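The structure appears below as structure tokens.
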Amino acid sequence: MSTSEQKTITVIGSGLIGRSWAMVFASGGYRVKIYDNQAGQAARAVLEIRKQLEELEEAHMLRGDLTGAQQLALLSSYEDLAQALEGAFFVQECVFEQLVVKQSVFQEIECFVGKEVILSSSTSCLVPSSVFAKVQERSRCLVSHPVNPPYYVKLVELVPHPETVTAVMEATHYLMTKVQTTD
């Protein structure tokens, strides 16, 4: 499950944490598809990110080697989940902290992605065994919980599901290292 050739990440949820993850992944050169089930929210998130990237670039605080415009060009918004998930090797869920909602989101995601796609949750208080309880292929699931604010604090906690395979943990660690969230 090497991330070296795979370049598309889908972020589910376009609130503060979803936008932050999108910015972090784009700063590492990844193409990021932002999905939100609320009409217009993902598109508004891209506009908000544009403003933030411009401000960060002016303040010389932009992460990565790409310009703000180059990072922005890596972002796209979607209202159709299947389209948002197409081509993704990694899915970062960032919906609100309700177990039933997270479980439902992952069940729906699983309908559209192959078994090799890594499924990650940003949950801050729910355990992986609960979040992924209804997922069929739990060996590819983990929690990637960022320290807030994710764009500024380069630290993420990786918590495997009891069934998560080593290759998923290694691939996620590689990804997080590449986008400078962990050493």
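Could you please give the count of residues in segment 62-88 that are open to solvent by 60 Å² or more (accessible area, probe 1.4 Å) and part of a helix (DSSP H, G or I)? Residues flagged as open to solvent by 60 Å² or more (accessible area, probe 1.4 Å) and part of a helix (DSSP H, G or I) within segment 62-88 amount to 4. When residues in segment 162-183 are screened for being outside any helix (DSSP H, G or I) and either within 13 Å of Gly28 (Cβ to Cβ) or open to solvent by less than 10 Å² (accessible area, probe 1.4 Å) (or both), 4 of them pass.
Within segment 99-115, the residues that satisfy the criterion of being open to solvent by 100 Å² or more (accessible area, probe 1.4 Å) and farther than 14 Å from Ala84 by Cα are Val100, Lys115. For segment 133-151, the set of residues classified as modelled with pLDDT under 90 and either closer than 23 Å to Arg31 by Cβ or touching a Gly at 6+ places or on another chain (Cβ under 8 Å) (or both) consists of Pro149, Pro150, Tyr151, listed by residue number. Residues considered: Ala45, Ala59, Ala26. Of these, the only one that is crowded, with 16+ Cβ neighbours inside 10 Å, within 20 Å of Gln180 (Cβ to Cβ) and modelled with pLDDT of 95 or more is Ala26. Of all residues in segment 102-139, those satisfying the criterion of being of a type in the set (Asp, Glu) and assigned to a helix (DSSP H, G or I) are Glu108, Glu110.
When the test is whether a residue is within 24 Å of Leu142 (Cα to Cα), free of Cβ contacts under 8 Å to residues at least 40 places away in the same chain and of a type in the set (A, V, I, L, M, F, W, C), Cys94 does not pass it. Quick one: would you say Ala42 is among the aliphatic types (A, V, I, L, M), in contact with a strand residue (DSSP E or B) (Cβ under 7 Å, 6 or more places away or on another chain) and assigned to a helix (DSSP H, G or I)? Against the criterion (among the aliphatic types (A, V, I, L, M), in contact with a strand residue (DSSP E or B) (Cβ under 7 Å, 6 or more places away or on another chain) and assigned to a helix (DSSP H, G or I)), Ala42 qualifies. hydroxyl-bearing (Ser, Thr, Tyr) and not in a strand (DSSP E or B) - does that describe any residue in segment 21-35? Within segment 21-35, one or more residues are hydroxyl-bearing (Ser, Thr, Tyr) and not in a strand (DSSP E or B).
Residue pairs whose Cβ atoms lie under 8 Å apart, sitting 6 or more positions apart in sequence or on different chains, and linking a residue in segment 159-178 that is closer than 13 Å to Phe132 by Cβ and in contact (Cβ under 8 Å) with a residue 60 or more places away in the chain to a partner that is of a type in the set (A, V, I, L, M, F, W, C) and outside any helix (DSSP H, G or I), are Val168/Met1; Val168/Ile118; Val168/Cys141; Val168/Leu142.
The values are calculated or read from the model by the stated rules, or taken from the named source; none is laboratory data. All values derive from a computational prediction rather than experimental measurement. Methodologically, a virtual Cβ is constructed for each residue, glycine included, from the backbone with ideal geometry; neighbour enumeration extends over all protein chains shown. Note: areas computed on protein heavy atoms with side chains; ligands, DNA, RNA excluded. Shrake-Rupley method; radii C 1.70, N 1.55, O 1.52, S 1.80 Å.
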